[in-house]
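These notes concern the structure reproduced below.
Coordinate-derived values only; no laboratory data. Just so it is clear, the structure is predicted and the values come from calculations on it, not from any experiment. We place every Cβ from the backbone using ideal geometry, glycine too, and count neighbours over all the protein chains shown.
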Amino acid sequence: MRQDQGHSFYERHSKGGKVKAIVLAVILATASVPASAVAAPSAETAKRCMHYSYVVYPYKRPGSVRGSGDRQAYFRGCMVKDGNVPEPAPANPDR
């Protein structure tokens, strides 16, 4: 004889029903909240920020000076601001 004899089909298969109901409620609650779309910076913004970063921190031959990551930090900051930074003045050539 089966061990679960005398129990209805619902009683045998309803284990974890409360958990399923909670999970379903959470899914429905989060699905009904509209997600705000965040647009990535455009290619034009990236080009402008890259150009500005090389104007502020001009290219130097590798090995002639120690790298500091300033150009990359400037580029990242420009991208965070979506390219809305003032146009930099050219750096001194003897820098």
message = Sorting check: for 18-27, 46-55, which peptide has the highest mean count of neighbouring beta carbons within 10 Å, and how do the rest follow?
response = 46-55, 18-27
key: Inter-label distance, nm, simple model (7 Å from Cα along the C-beta direction), Val55/Val80   = 2.1 nm
ask   = In segment 48-63, which residues have a backbone nitrogen under 17 Å from the label point lying 7 Å from Glu87's Cα in the Cα-to-Cβ direction?
value = 48-57
